[in-house]
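Remarks on the structure that follows.
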Amino acid sequence: MIETLTYRYDANAPVARRAHVGVVASGNCEILLEPAGDSQASVVVRTSVTGYADTWKAVLARFFERNPIAANVEINDFGATPAVVALRLEQALETAQ
Amino acid sequence: MNVLLADSFAERGARERAQGLLDPQTYRELLGPFERVSSPYLAAQSVVPQSDDGVVVARGTLGGVRACVIATDGRFLGGSIGEIGGAKIAGALELSRRDAERGAPTRTVLALDTGGIRLQEANLGILAVSEISDAIVALRELVPVVALIAGRVGVYGGLSLSTALCSQIIVSEGARIGLNGPDVVETESGIEELDSSDRPLIWRVMGGRRRYDQGFATDFVDDDVGAIREAVLHAFERPRELGPLVAPPFPNPRLERNEFLRAMGIEP
C-alpha cells in the first residue's frame, strides 16, 4: 500500500519560482515545489514505506520552522532516509530562489 | 580519459542528459513534471509514481538545427516503459515526423536507458513499444533517427528492438544492449549458462564495446557529455553505415557456460 500524508504550516516568505528535484529511485525521492498564493505551506507526501508518519512530521516541521516559505510541496518517496529528504528539500528551496 | 575530470553522461539523470545534448539555453520540455501526466496504474499496485513517468521529452536546437531529445530515466523503475511514458515517446516521434513532412526537419535523438516494458502495465507497455517502433520506421524514411545508448542500464526488452530500427546507434562501453537481460537469461536457462552476478562476463557478452564490434552499433563513444554530443552531431551530419553483422546464429536454448560463450563467438 502507498501511504499519503498531508501537512500544513504557517508561512510568510514567498518563493520566486517552482522547482523540481530528485527522482523516484531506491533510497531517494522526487520533490515538486510551487509558490502558493496564501500565507501557508502545504505538503503532500506519497510513500511506499508505511508507518513513518512521525518521522516525516519531524523532518518537515524542522524544515518549515527554518524556512517558512509559502509553497505547495509534493513529495514522491521511494524509501529516502530523513537525511536525504532534508537535503532534497534544501535543494528544492535553493532552486526555487 | 581522466575519470575524475570527465563529465559523465551515465551519472546524469534523464533531464540533465537531454540538457547536455541540446544547444545551451534552448532546452524546452514538453509534458514536464508540473503537468503531472503520470502513471495511473502504479499506485494501485503499491508503487509510487514519478511526475514525468520516467520519460523526458525536450525540444530545442542541436548544432543550430531544430531538435527533439527523448530521454528515459533508468533510475525510476529501471527506466521501464508504461502507457504514459510510451505515449510521450511515440507522440514526440510523431511530432518530428509532422515537422519533417512540412519541411522543417527535426533532429531526433532517443537517449534510451531502459530495462524494457514496465511489468505493472504489461499489455499497455507492449502496445507502446509497437507504437514507438511504428513511429521510428515512419520517421526514418524522412530524416535520420539517432539512438543513444549510454546509460547505466543500457537497453533491453521491447525497446532494444526499437533501437535496432534507428538509422544510427551510438553506444558507450558502460551501456549494454540485449533482448533478454542477464537476470532473465539466468532464470530461463540456468546459472550454469549465464551467472547474472558475473559483471565482466555480462559486459563481454552484451556490453557496448562488444555490441559495437559485432556490428550492432554505428558509433562507440566515451562516457563524456562533450564527446557524446559530438558523436550525436556527427551522426546527423555524416551518418555512418552499419558494419557487417558478426554475431553468429544462436544454436541451442540451453548451454553450459563455455558452450554459451563459444556460441556467442567468445573464447571462454
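What dipole magnitude, in Debye to the nearest 20, does the protein assembly as shown give about its Cα centre under +1 on Lys/Arg Cβ and -1 on Asp/Glu Cβ? Can you show the working numbers first?
Details: 36 positive and 48 negative charges, 129 e Å.
Computed charge dipole of the protein assembly as shown: roughly 620 debye.
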Mind pulling the angle between the C-alpha long axis of helix A:53-66 and the longest principal axis of chain A? Nearest 10 degrees, somewhere in 0 to 90.
20 degrees
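Work out how much length B:Asp23 to B:Ala122 would gain on full extension: take 0.36 nm times their residue separation and subtract the Cα-Cα distance, in nm to one decimal. Provide the component values of the computation, followed by the final result.
Values: separation 99, 0.36 × 99 = 35.64 nm, distance 3.61 nm.
Roughly 32.0 nm would be gained on extension.
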Partner shielding of B:48-58, taken as the mean number of other chain Cβ atoms within 10 Å, equals 4
Given the candidates B:Gly243, A:Leu93, A:Val23, the one whose Cα lies deepest towards the positive end of the charge dipole of the protein assembly as shown, counting +1 at each Lys or Arg C-beta and -1 at each Asp or Glu C-beta, is A:Leu93
Selection from A:Ala13, B:Phe220, B:Phe76, by position along the positive dipole direction of the protein assembly as shown (Cβ)
A:Ala13
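Which helices, taking whole DSSP H runs in chain B, have alpha carbons extending 20 angstrom or more along the helix axis plus mean Kyte-Doolittle at least 0.5? Display every interim value, and only then the final one.
Working: long enough: B:83-101 (27 Å, -0.27); B:122-140 (27 Å, 1.24).
What comes out of the filter, once short or polar helices are dropped, is B:122-140.
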Rounded to 10°, Cα long-axis angle of helix A:82-96 versus longest principal axis of chain A:
30 degrees
Output the relative contact order of chain B, whole-number percent, from Cα pairs under 8 angstrom with separation of 6+ residues.
16 percent
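What is region B:1-115 by shape, rounded, prolate or oblate, if you read a ≥ b ≥ c off the alpha carbon gyration tensor as root eigenvalues and call it rounded for a/c under 1.5, prolate for a/b larger than b/c, and oblate otherwise? Provide the component values of the computation, followed by the final result.
Values: a/c = 2.23, a/b = 1.17, b/c = 1.91.
Oblate.
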Amide H of B:Thr114: which non-local residues (sequence gap of 5 or more, or other chain) have their own amide H closer than 5 Å, using H built in the peptide plane?
B:Gly154, B:Val155, B:Tyr156
Amide proton proximity set for A:Asn72, modelled H, under 5 Å, gap of 5+:
A:Glu34, A:Ala36, A:Ser42
Could you run the Karplus curve 6.51 cos²θ - 1.76 cosθ + 1.60 with θ = phi - 60° over region B:26-38 and give me ³J(HN,Hα) per residue in whole Hz, x for Gly and Pro?
10, 5, 9, 9, 9, 6, x, x, 6, 6, 6, 9, 10
Could you compute Rg(Cα) / (2.2 N^0.38 Å) for the protein assembly as shown, with N its residue count?
1.06
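Are there any GluC sites (Glu not before Pro) in region B:1-66 that are in a DSSP loop and have at most 15 other Cβ atoms within 10 Å? List them by number. Intermediate results must be reported in sequence, preceding the final value.
On the way: sites: B:Glu11, B:Glu16, B:Glu29, B:Glu35; in loops: B:Glu11.
Answer in residue order: B:Glu11.
About its Cα centre, how strong a charge dipole does region A:14-97 have in debye, to the nearest 20, once Lys and Arg get +1 and Asp and Glu get -1 at the Cβ?
Details: 7 positive and 9 negative charges, 11 e Å.
Dipole of region A:14-97, to the nearest 20 debye: 60 debye.
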Under Karplus coefficients 6.51, -1.76 and 1.60, residue-wise ³J(HN,Hα) of region B:42-58 in Hz, glycine/proline x:
5, 4, 5, 10, 6, 10, 6, x, 10, 4, 10, 6, x, 10, 10, 10, 10
With Rg and the Kirkwood Rh both taken from Cα atoms, where does Rg over Rh land for chain A?
0.94
Give the long-range amide H neighbours of B:Cys68: residues separated by 5 or more places, or on another chain, with amide H under 5 Å away, using H modelled in the peptide plane at 1.01 Å from N.
B:Arg107, B:Thr108, B:Val109
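FYI, it's all coordinate maths here, none of it is from the lab. What you are looking at is a predicted structure, and each value in this text was computed from that prediction instead of being measured. Cβ: placed from backbone, ideal geometry, glycine included. Neighbour counts: every protein chain shown.
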